[in-house]
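Before any comments, here is the structure.
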Amino acid sequence: MSENLEDIAEAMMAPGQGILAADESTGTIKKRFDQIGVENTEDNRRDYREMLFRAETAMNECISGVILYDETIRQKAKDGTPLVDLIKAAGAVPGIKVDQGAKPLAGFEDEKVTEGLDGLRERLAEYYDLGARFAKWRGVITIGEAMPSSNCISANAHALARYAALCQEAGIVPIVEPEVLMDGAFSSHDIETCYEVTEWTLNTIFGELYQAGILLEGMILKPNMVIAGQKCPDQASAEEVAEMTVRCLKSTVPAAVGGIAFLSGGQSDVQATQNLSAMNAMGNLPWTLTFSYGRALQQAALKAWSGKDENWAAAQAAFEHRARMNGMAATGTWSKDLETA
Ligand code: 13P
């Protein structure tokens, strides 16, 4: 594969494919394993991810990149093959989460700022040697009473821009991920509020990226969709979510950006697919719009696996189905009847 930033971004945006976010930290994967009663050991984490990366049809045909966690990028499959090599063999680009988590923003109770810039240059060089060609950093924006603050948006946007510059210096494509939360304690906002906050966030971020001299063609944006909070009684249709999301992105994201891959953020798996497909069905988009889902790609597979080797085939089939549905959504050709076909 070419090592040029634009070519890596293009490979990540391969038509009809998207990104598998498998970069849950050890604490986050514990929450997922708790749901299926599986102990959170290093071997179980390895077995689960090996099962996904060996799902050949899904990986070859629907997955263009995989985001890994620090532990996973160093792990070997049971037979000794590095997990990174399984990903490369499937024609997908290995990537790495490099942020060190969203921490309380001093002086702004309930808001967060993402840490991880100190020593990042050295960590990126090591991850490059381990095979990573793209990275991810997630900033978190919370909507609530007097939130977000301008300080929260600026601090996260600035960190994202510094991170993106270090990535590009290292020959690594940055995924810039500002997540305006739809779930959690403060999620009763409506879709219009999400629109306004997402617009504000993206405008601030692209200002910072410009000042940091980021090559837009060599980065991927990973935004939330414009969607009502989970606790809002008034939920929009897929067509409304699609229309408002595309309108918001068109008014804030330069056409030169290498591509856009959404997070699922707490949407159900079918909802995340349906909303993405509705956007691509609109057509006339300046960038490729695809998925970079964690929960929405893995939920069904995780449940089918339930920590047992004998469930591998069923879990891989569940993953393949979800990956295929999202691959179709990436071209706007998904429809509900395909879910049961
Ligand atoms: P979800 O799709 O579960 O939101 O996860 C994507 C991700 O990578 C969050 O950082």
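The values are calculated or read from the model by the stated rules, or taken from the named source; none is laboratory data. Computed from a prediction, not measured in an experiment: that's the story for all the values here. Backbone-built Cβ (ideal geometry, glycine too); neighbour counts: all protein chains shown. The accessibility values were calculated without ligands, DNA or RNA, using every heavy atom of the protein model including side chains. Shrake-Rupley method; radii C 1.70, N 1.55, O 1.52, S 1.80 Å.
When GluC sites (Glu not before Pro) are flagged only if DSSP places them in a loop and at most 13 other Cβ atoms lie within 10 Å, the longest unflagged stretch of the chain comes out as 146-341.
With n ≥ 4 as the cut-off for DSSP H runs, can you work out [θ] at 222 nm for the chain, using -39500 (n - 2.57) per run divided by the number of residues, rounded to the nearest 500?
Computed mean residue ellipticity for the chain: -14000 deg cm²/dmol.
Here the accessible area of the chain is 48 percent carbon and sulfur, with a 1.4 angstrom probe and all protein chains present. Working note: Debye formula, equal point scatterers on the alpha-carbon atoms of the chain, no solvent; log10 I(q)/I(0) at q = 0.07 Å⁻¹ is -0.25.
Return one whole number: the accessible area per residue of the chain in Å², for a 1.4 Å probe.
Values: 13520 Å² over 341 residues.
That works out to 40 Å² per residue.
Counting only residues at least eight positions apart within a chain, or on another chain, the lysines with an alpha carbon under 23 Å from that of Lys303 are Lys30, Lys31, Lys78, Lys336. Springs join every pair of Cα atoms under 10 Å in this Gaussian network model of the chain, and among Gly259, Gly131, Gly18 the largest mean-square fluctuation is at Gly131. Considering only DSSP beta bridges where both residues belong to segment 23-173, give the percentage that are antiparallel (nearest 5). Restricted to segment 23-173, the bridges split so that about 45 percent are antiparallel. A P(r) calculated from all alpha carbon pairs of segment 128-243, with 10 Å bins opening at zero, reads 14, 41, 29, 14, 2 percent.
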